[in-house]
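The values are calculated or read from the model by the stated rules, or taken from the named source; none is laboratory data. Just so we're clear, the structure is a prediction, and the values are computed from it rather than from any experiment. Cβ atoms come from the backbone with ideal geometry, glycine included; neighbour counts cover every protein chain shown. Remember, those area values only see protein heavy atoms, side chains included, never the ligands or the DNA or RNA. Shrake-Rupley method; radii C 1.70, N 1.55, O 1.52, S 1.80 Å.
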Amino acid sequence: MAAARRGISSLLSRSILASSSSSSSSSSSTVNGFGSLLHSHGRVSRFLGRGNGFGTSALAEEELITPPVQINYTQNLINGQFVDSASGKTFPTYDPRTGEVIAHVAEGDAEDINRAVSAARKAFDEGPWPRMSAYERSRILLRFADLIEKHAPELSALETWNNGKPYEQSLKSELPLLVRLFHYYAGWADKIHGLTVPADGNHHVQVLHEPIGVAGQIIPWNFPLIMFAWKVGPALACGNTIVLKTAEQTPLTALYVAKLLHEAGLPPGVLNVVSGYGPTAGAALASHMDVDKLAFTGSTSTGKVVLELAAKSNLKPVTLELGGKSPFIVCEDADVDKAVELAHFALFFNQGQCCCAGSRTFVHERVYEEFVEKSKARAQRRVVGDPFKKGVEQGPQIDLEQFEKVLRYIKSGIESNATLECGGGRLGSKGYFIEPTVFSNVKDDMLIAKDEIFGPVQSILKFKDIDEVIHRANSTRYGLASGVFTSNIDTANTLTRGLRTGTVWVNCFDIFDAAIPFGGYKMSGIGREKGIYSLQNYLQVKAVVTPLKNPAWL
């Protein structure tokens, strides 16, 4: 693990030299009426005439690996103790490989949020956390990082079991990054300081940076542990207390690491974790009058609700990291093989369930046909199966709702007369596995080119020149991220300055170093996560002015 930690500089960063994975070929059928739909559209003849050839089929017959971990924490964590919900209710959490229940988790609601906020308020107003030295806070975060490293196999297994992402991804990339993130924020704890500024007159002016108070945090289901770090790390480094609501789909790993954080020496009440549903627990947290700061990661539509609730309550400041429809631009000078591999990674990573996925693949007309054919071939080689099996690149979608949503978008693409190059249906007869899907001849006004699908569906669009592609890439309500693939520095500079996105990756994608800020333009959010900018979300700025009598200098 130490070697993995030293070698990682990003969340599963994939260089342009990454090689394609190889796998066996087999065919599988479409479901939910997709077969008859495909036959009714002439533009999918190439697909129908060759067979799918995906790396994994017959998922129904696969013998699934039993996850090597026990589920020990299913209650809410309030004031340092695991407790049942106030109502006594629980809700099921599922294994997306099968759709079967793996545990019942305490279902928090408004009363549980009230209790958690009360504990956090008392810990902030009366407890030791904001009053201990920043160095002591740093040591606790470092001990926590060590415990994460020690428990990495169990945490990785739990993350994969509850989320469906490949175990190798969880263990070899996400857990090292989780450790790195807490090392990073531990390093910041004793380096947060204010300023002394000159004034016009005989006054001494200090600018203090103070912890903001009780932070409410709501994290998503696609990267539960990484999002835990993005939220909890800077808040604790700044001396705040927290009430964190997990995603109802993936509550298990946040509860586990919260227990480890207390084992590292975190005082009771500093971090409280409540599991529950958005309309109950989430809404109660967003609208709570005693929460001083709110941070949310999720869909743009839910982000609007969160912002409204925060404004209508106590006008608490809100950080939002929301949806995206990121362009990935392949220029005419591209090495097509490398571009295909990187574009494939940019879209299909994490089952396509990334807010910054390169889901609009713009390809220059001179290399378009070659790119499409090779992208189709790469998608057909993608290994889909039990995420606990070695070599599997793609597991199931998170749940039935997301599974059906992706299939609806695929159906929309076919009905809009985009060319279905491969995929388009379900893999296996149980769980939420979807074939890696590639569309060509996609137009800007199609839903698959406008909406955030959040699934393994690649849409390939054609462009003629740089001015055109900049205009089209920016013609979206989102602005989270973008990718550029070119060997020309002038082209790269033109695109990086022209694209209205919070991140532009040039000849790389999904580089998530702890120090790199992340966030979006337009409806992709407000504020930035990670890096020095994330600290600003959890600090108040106070000016202190005192008179100077007969100063020797000003």
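Values computed for the structure shown
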| item | result |
| --- | --- |
| Charged-residue dipole, Cβ positions (Lys, Arg, Asp, Glu), the chain about Cα centre, Debye nearest 20 | 580 |
| Table column - 3J(HN,Hα) (Hz), segment 261-276, Karplus curve with 6.51, -1.76, 1.60, x for Gly and Pro | 5, 5, 4, 6, x, 5, x, x, x, 6, 10, 10, 10, 10, 9, x |
| Segment residue 475-residue 447, extension gain: residue separation times 0.36 nm, minus the distance between their alpha carbons | 8.7 nm |
| Surface share of carbon and sulfur [accessible, 1.4 angstrom probe, percent] for segment 200-243 | 49 |
| Cut-off under 5 Å, modelled amide H: who pairs with residue 505 long-range | 482, 483, 484 |
| R0 of 41 Å, Cβ-Cβ distance residue 125-residue 335: FRET efficiency to nearest 0.05 | 0.10 |
| Accessible heavy-atom area order of 446, 132, 523, highest first, probe of 1.4 Å | 523, 132, 446 |
| Partners for residue 464 among lysines (Cα-Cα distance below 19 Å; same-chain residues under 8 apart left out) | 443 |
| Residue among 499, 481, 424 farthest towards the positive dipole end of segment 325-512, charges placed on Cβ | 424 |
| Magnitude of the charge dipole, segment 325-512, Cβ model with Lys/Arg +1 and Asp/Glu -1, debye to 20 | 460 |
| Rounded accessible area of residue 466 (nearest 10 Å², 1.4 Å probe) | 50 |
| Dimensionless Rg ratio for segment 325-512, taking C-alpha atoms and the 2.2 N^0.38 Å reference | 0.96 |
| Helix axis angle, 489-498 relative to the chain longest principal axis, alpha carbon, degrees | 60 |
| Eligible aspartates and glutamates near residue 122 by straight Cα distance, threshold 15 Å, same-chain separation 8 or greater | 290, 292 |
| Peptides ranked, highest mean first, by Cβ atoms within 10 Å: ranges 488-501, 539-552, 102-115, 67-80 | 102-115, 67-80, 488-501, 539-552 |
| Cα long-axis angle, helix 336-348 against the chain (0 to 90 degrees, to the nearest 10) | 60 |
| Nearest-0.05 FRET efficiency for residue 542 and residue 390, computed from C-beta distance (R0 60 Å) | 0.65 |
| 3J(HN,Hα) from dihedral phi, segment 181-196, Karplus parametrisation 6.51/-1.76/1.60, rounded to Hz, x for glycine, proline | 4, 6, 4, 4, 6, 4, x, 7, 3, 9, 10, 8, 8, x, 9, 10 |
| Solvent-accessible heavy-atom area per residue, rounded to whole Å², over segment 401-554 at 1.4 Å | 42 |
| Chain lengthening between residue 404 and residue 299 when straightened (0.36 nm per residue, less Cα-Cα) | 36.1 nm |
| Between helix 152-163 and the chain: long-axis angle, C-alpha atoms, 0 to 90°, nearest 10 | 60 |
| Sites residue 72 and residue 496 - FRET efficiency at Förster radius 51 Å, r taken between beta-carbons, to 0.05 | 0.65 |
| Interchain or long-range residues, amide H under 5 Å from residue 86's placed H | 109, 112 |
| Backbone N under 16 Å from the residue 98 label point (7 Å along Cα→Cβ), restricted to segment 426-442 | 429-433 |
| Apportionment of accessible area to carbon and sulfur, segment 325-512, percent (1.4 Å) | 45 |
| Interchain or long-range residues, amide H under 5 Å from residue 382's placed H | 55 |
| Charge dipole (the chain, unit charges on Cβ, about Cα centre) - positive-most of 99, 65, 151 | 151 |
| Unit charges at the beta carbon, dipole of the chain: most positive-side option, 255, 216, 319 | 319 |
| Residue 301 accessible area, assembled protein chains, probe 1.4 Å, Å² | 80 |
| Lys pairs under 25 Å by Cα in segment 275-393, provided they are eight or more residues apart or on distinct chains | 15 |
